[in-house]
Amino acid sequence: MRAIAGLWRWRGNPLCRTTDRVEGWLALAAVLLMTLATPAVALWGTRTAHETLMGVVREQHRQRHQVWATVAQSTPPAADSPEAESGHRVNATWTAADGRTHSGTVVTRRPTEPGDRLRVWVDARGEIAARPMDAAAASSHAALAGFGTAVAAAGLVEAVRRLLVRRLMARRYARWEEEWARVGPDWGRAGRSN
């Protein structure tokens, strides 16, 4: 921001070099891009992610169904095992939408006994599947994707600005070296009479 304020102050200063002016204009352009383009990029990222995720939500709800499963065997987890906190594993049987009977291991939150019934999600083949994503989760993920897109866009603008400023500084230092080389041999000769 100091470069932007300095741009106006230095406009008529004879010590202001072209690289100083370019650096100020780069800072101004970066600030304008970050304030104007970043929200547009965030909106685009949010909309794109939301449309994609809502397609995933529709597809998962089309392919996955909840069915009743009957507990065949329940084995309580050991107290020191990681399963003790994540849930109880039980062997269960269920009938898929196509009428075939399936069996497998199901994780429950509560202790169960053989013969208990519980709801499980199954895919089109009748295999245990994760619960489908809901619209609220899709919206949350889309908002995070939009925020991430905005941060990435602002970071890209700042990275390009820094790269260009680095090149300007290299050019500035090269010119200073040329000027010092030109006037350097005369050091200490001022006021001498030959």
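Can you spot a residue in the range 118-126 that is surrounded by 14 or more Cβ atoms within 10 Å (Cβ to Cβ), touching a helix residue (DSSP H, G or I) at 6+ places or on another chain (Cβ under 9 Å), in contact (Cβ under 8 Å) with a residue 24 or more places away in the chain and outside any loop (DSSP other than H, G, I, E, B)?
No: zero hits.
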### Query
What tally of residues in the range 30-63 results from selecting those that are among the hydrophobic types (A, V, I, L, M, F, W, C), free of Cβ contacts under 8 Å to residues at least 24 places away in the same chain and closer than 30 Å to residue 172 by Cβ?
2
### Task
Take the residues in the range 43-73 that are in a helix (DSSP H, G or I) and of a type in the set (S, T, N, Q), then tell me which one is surrounded by the most Cβ atoms within 10 Å (Cβ to Cβ).
46
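For (1) aliphatic (A, V, I, L, M); (2) part of a helix (DSSP H, G or I); (3) out of contact with any strand residue (DSSP E or B) (no Cβ under 7 Å at 6 or more places or on another chain); (4) more than 30 Å from residue 27 (Cβ to Cβ), each residue gets a yes or a no:
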residue: 107; (1), (2), (3), (4): yes, no, no, yes
residue: 137; (1), (2), (3), (4): yes, yes, yes, yes
residue: 153; (1), (2), (3), (4): yes, yes, yes, no
residue: 174; (1), (2), (3), (4): yes, yes, yes, no
### residue 101 being exposed (fewer than 12 other Cβ atoms within 10 Å of the Cβ) and at pLDDT 85 or above
yes
#### Entry: Sole residue being open to solvent by 40 Å² or more (accessible area, probe 1.4 Å) and at pLDDT below 85, chosen from 78, 40, 29, 96
78
### Summary
For residue 3, the lone unmet condition from (1) modelled with pLDDT of 90 or more; (2) in contact with a helix residue (DSSP H, G or I) (Cβ under 7 Å, 6 or more places away or on another chain) is (1)
### Summary
residue 146: passes all of (1) touching a helix residue (DSSP H, G or I) at 6+ places or on another chain (Cβ under 6 Å); (2) open to solvent by 50 Å² or more (accessible area, probe 1.4 Å) but (2)
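The values are calculated or read from the model by the stated rules, or taken from the named source; none is laboratory data. The model shown is predicted, which means the values in this text are computed figures rather than measured ones. For neighbour counting, all protein chains shown are included, and Cβ atoms are generated from backbone atoms with ideal geometry for every residue, glycine included. Keep in mind that these areas ignore ligands, DNA and RNA; they rest on the heavy atoms of the full protein, side chains included. Shrake-Rupley method; radii C 1.70, N 1.55, O 1.52, S 1.80 Å.
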